[in-house]
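Inspection log for the structure reproduced underneath, given as structure tokens.
The values are calculated or read from the model by the stated rules, or taken from the named source; none is laboratory data. Bear in mind the structure is a predicted one, so any value in this text is a computation, not a measurement. Cβ placement follows ideal geometry from the backbone for every residue including glycine, while neighbour counts extend to all protein chains displayed.
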Amino acid sequence: MSQEKVDRYKKDKANRQKIMRREKWIRRLEYGGSAVVLVALIGWFSFAVYQNVENNKTVEATTYEMNVDAIQSYLSTIQS
């Protein structure tokens, strides 16, 4: 190994704990940020579903009446 590589290795070895500590903090921030985004998405989705359900509750059901006398008379003539 060249002297450059040896010096770089010694420098990395001397700062290894500091580097690992920094990487651990970065990893924790990434996990924390991901958790916050995930909770926000779940909250937004839940609120949207709740609003949709509440809006559908206020709509009253529409009923339709249909006169089927002609069909009944036709079926009765077929069966006879």
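Provide a single number: the residues in segment 12-53 that are hydrophobic (A, V, I, L, M, F, W, C) and within 17 Å of the chain's Cα centre (by Cα). So that I can check it myself, show each step before the final result.
Applying the first criterion (hydrophobic (A, V, I, L, M, F, W, C)) to segment 12-53 yields 14, 19-20, 25-26, 29, 35-42, 44-45, 47-49, 53.
Restricting the remaining residues to those that are within 17 Å of the chain's Cα centre (by Cα) gives 35-42, 44-45, 47-49.
The qualifying residues number 13.
Which one is modelled with the lowest pLDDT, of the residues in segment 1-34 that are assigned to a helix (DSSP H, G or I) and of a type in the set (S, T, Y)? I'd like the intermediate steps shown before the answer.
Kept after step one, since they are assigned to a helix (DSSP H, G or I), are these residues of segment 1-34: 3-14, 16-34.
From the residues that got through so far, the ones that are of a type in the set (S, T, Y) too are 9, 31, 34.
On the way: Y9: 87, Y31: 98, S34: 97.
Looking at residues that are assigned to a helix (DSSP H, G or I) and of a type in the set (S, T, Y), I get Y9.
Which one of the conditions (1) in contact with a helix residue (DSSP H, G or I) (Cβ under 9 Å, 6 or more places away or on another chain); (2) modelled with pLDDT of 95 or more does V37 fail to meet, given that it meets all the rest?
It fails just one condition, (1).
Just one of (1) surrounded by 10 or more Cβ atoms within 10 Å (Cβ to Cβ); (2) under 28 Å from the mean Cα position of the chain (by Cα); (3) not small (G, A, S) trips up Y9, so point out which.
Status for Y9: all satisfied but (2).
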